[in-house]
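**Q** This is the structure I want to talk about, given as structure tokens.
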Amino acid sequence: MAKRGSWASQLGFYLVAIGSACGLGNLWRFPYIVGENGGGAFVLLYVLLVLIVGIPILIGELILGKSSRKSGVTAIGALTYKDKHIFSGVGWVSFVLCILVLSYYTVISGWVLHFAIQFLIAALGIHQSSELSTLGVLIQNGSLQAGLASVHLLFCIVVVVKGVQEGLEKFIGWTVPVFGALLLILLIRSLSLPSAANAMRFLFYPDFSKLTLSSLGQAVGQVLFTLSLGFGSMITFGSYMTVEHIPTAGLRVAMIDTVISLISALCIFPIALQASNAPLADSGLLFEVLPKFLLEMQGGLLIGLAFFVCLYLASLGASIGLLEVIVSNLVDRNKIERARSSWAAGGVAWILALIPAFSGSLLQKLHVGSKGILQSIDSLIINWILPLIALGIAFAITLGLRKKVKEDLFISVDKVESVALYPHWQFALLWIIPILIILGLVLQTVHIFISK
Ligand code: ALA
């Protein structure tokens, strides 16, 4: 059997965990969900949920991975409660979910690649900026979306085939710093716009009357999605960890991810507010409002190019993380060799990606209510299925993982506060998180019924 991979350094773990957590969830999804839920009050709710829901589950997943040295399905499946393997189903659903997320994530990453190429072409003077195609045109072109998705998946496969140190760590190791630097440049540019003060007020002044019955569920889903929880990613990354105090590592990853989400919103809202009448609650915020604004702005071509390259690097890192989880499960459980697993997993994700890719053309008639296929998959997965899996994982860790194992990995003699925090962590997983998740799901259901 092939030797299990491990990170070459602790920095390697951080770069890959952050690279996998920070992606479209931060730059595309977070701003429009904040817009949809009225701004500041939702941001406050979101940050609270990162602390109460996100960090405890993240620490739990890392501990489960590190203690089992296995990926999601095997690690969760091995846990027992009263000598029964009652959690196996949770592992399998999370595995299937990971494939589904990778497939629709691939299509949106293809959009990002498209805009990066468009801006490059315009910056090189090959086309006039007025000739660049819009998201509306791209969505109607199923073959182009399928082509872009294929290129994106190919990049991911090539990296994952190489393994943990040679592939993930080396590749994501350089994309994360480049991404961070480009994002900071954009932040400075956005904050220099006259609309920056209004954007800040919208983001940080809480108006609780703007929250809806769906806000709690949407915030929980967003926290889980952006921290890559519930897909088995953090279990897998934990399984490659060697030395490190896990709660500290989890806290750092979650904090960095949250700061990136807030920076993304701070980059995008001033631009959206500057472009008059731009809807802040639109999932097209990033792909419609932003390119249009940038193309009209002085120096906008280069900023747009930097922004979409930066977003592409982030979505590539996150997609590589998702593919790694699927591959690692196949290698662990079915002893299928890494290269073969990578091509097989990439192939399945590619076939599934064809559905959202053709949803604006060949499959146009398929929709749920007023939503298109892509939005329906996104909302079903993130607002409903992911919280349910997180609930299962929270129970699996509290009830199924041995107390001694958890104490050994949570409590450290160098960190005195870890002794006091341990029972709170367990209490949050067993009671607070399940109550919040169930409340979020119930309120979302009520919202659907009363808004009909
Ligand atoms: N955590 C990844 C993201 O936010 C999936 O994009």
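**Q** Does any residue of segment 310-329 turn out to be away from the ligand (no atom under 14 Å from the Cβ), closer than 20 Å to G147 by Cα and either open to solvent by less than 60 Å² (accessible area, probe 1.4 Å) or hydroxyl-bearing (S, T, Y) (or both)?
**A** No; the residues of segment 310-329 include none that is away from the ligand (no atom under 14 Å from the Cβ), closer than 20 Å to G147 by Cα and either open to solvent by less than 60 Å² (accessible area, probe 1.4 Å) or hydroxyl-bearing (S, T, Y) (or both).
**Q** Which ones in segment 203-247 are more than 16 Å from the ligand (Cβ to nearest atom), of a type in the set (S, T, Y) and either surrounded by 21 or more Cβ atoms within 10 Å (Cβ to Cβ) or closer than 21 Å to L64 by Cβ (or both)?
**A** Across segment 203-247, the qualifying residues are S214, S215, S239, Y240, T242.
**Q** Let me ask something else about it. Could you give me the residue pairs with C-beta distances under 8 Å whose first residue belongs to segment 376-402 and is closer than 17 Å to A219 by Cα, whose second residue is outside any helix (DSSP H, G or I) and among the charged types (D, E, K, R) wherever it lies, and which are 6+ apart or on separate chains?
**A** Taking only residues 6 or more apart or on different chains, the pairs are S379/K371.
**Q** Would you please list the contacts, defined by Cβ atoms under 9 Å and residues six or more apart or on different chains, that run from a residue in segment 24-39 that is open to solvent by 10 Å² or more (accessible area, probe 1.4 Å) to a residue that is of a type in the set (S, T, N, Q) and within 12 Å of the ligand (Cβ to nearest atom)?
**A** Pairs found: W28/S264; W28/S315.
**Q** Against the definition (touching a Gly at 6+ places or on another chain (Cβ under 7 Å), in contact (Cβ under 8 Å) with a residue 60 or more places away in the chain and buried (at least 23 other Cβ atoms within 10 Å of the Cβ)), how does L135 come out, yes or no?
**A** It is false that L135 is touching a Gly at 6+ places or on another chain (Cβ under 7 Å), in contact (Cβ under 8 Å) with a residue 60 or more places away in the chain and buried (at least 23 other Cβ atoms within 10 Å of the Cβ).
**Q** Looking at (1) within 15 Å of the ligand (Cβ to nearest atom); (2) more than 19 Å from L262 (Cα to Cα); (3) modelled with pLDDT under 90; (4) of a type in the set (V, I, T), which is the one condition that is false for V73?
**A** Of everything listed in (1) within 15 Å of the ligand (Cβ to nearest atom); (2) more than 19 Å from L262 (Cα to Cα); (3) modelled with pLDDT under 90; (4) of a type in the set (V, I, T), V73 misses just condition (1).
**Q** Six or more apart or on different chains, Cβ under 6 Å: which pairs go from a residue in segment 423-452 that's within 12 Å of A390 (Cβ to Cβ) to one that's in a helix (DSSP H, G or I) and open to solvent by 30 Å² or more (accessible area, probe 1.4 Å)? Could you list them?
**A** none
**Q** Can you find even one residue in segment 357-370 that is in contact with a Leu (Cβ under 7 Å, 6 or more places away or on another chain), open to solvent by 50 Å² or more (accessible area, probe 1.4 Å), touching a residue at least 24 places away in the same chain (Cβ under 8 Å) and not basic (K, R)?
**A** No, that holds for no residue.
One line per residue, one yes/no per condition, for (1) in contact with a His (Cβ under 9 Å, 6 or more places away or on another chain); (2) assigned to a loop (DSSP other than H, G, I, E, B):
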position: L64; (1), (2): no, no
position: V73; (1), (2): no, no
position: I86; (1), (2): no, yes
position: G89; (1), (2): no, no
position: F95; (1), (2): no, no
position: V107; (1), (2): yes, no
position: H114; (1), (2): no, no
position: L120; (1), (2): no, no
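**Q** Hey, A306 hits all of (1) more than 16 Å from the ligand (Cβ to nearest atom); (2) in contact (Cβ under 8 Å) with a residue 40 or more places away in the chain; (3) more than 28 Å from Q375 (Cα to Cα); (4) assigned to a helix (DSSP H, G or I) but one; which does it fall short on?
**A** All conditions pass for A306, except number (3).
Residues are listed down the side, and each one gets a yes or a no for (1) within 17 Å of L380 (Cα to Cα); (2) open to solvent by 30 Å² or more (accessible area, probe 1.4 Å); (3) of a type in the set (A, V, I, L, M, F, W, C):
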{"residue": "S94", "(1), (2), (3)": "yes, no, no"}
{"residue": "S109", "(1), (2), (3)": "no, no, no"}
{"residue": "I121", "(1), (2), (3)": "no, yes, yes"}
{"residue": "H127", "(1), (2), (3)": "no, yes, no"}
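The values are calculated or read from the model by the stated rules, or taken from the named source; none is laboratory data. Since the model is a prediction, treat every value here as computed from it, not as a measurement. In this analysis, Cβ positions are derived from the backbone assuming ideal geometry, glycine residues included, and neighbour counts consider all displayed protein chains. Side chains are part of the model used for accessible areas, which takes the heavy atoms of the whole protein and leaves out ligands, DNA and RNA. Shrake-Rupley method; radii C 1.70, N 1.55, O 1.52, S 1.80 Å.
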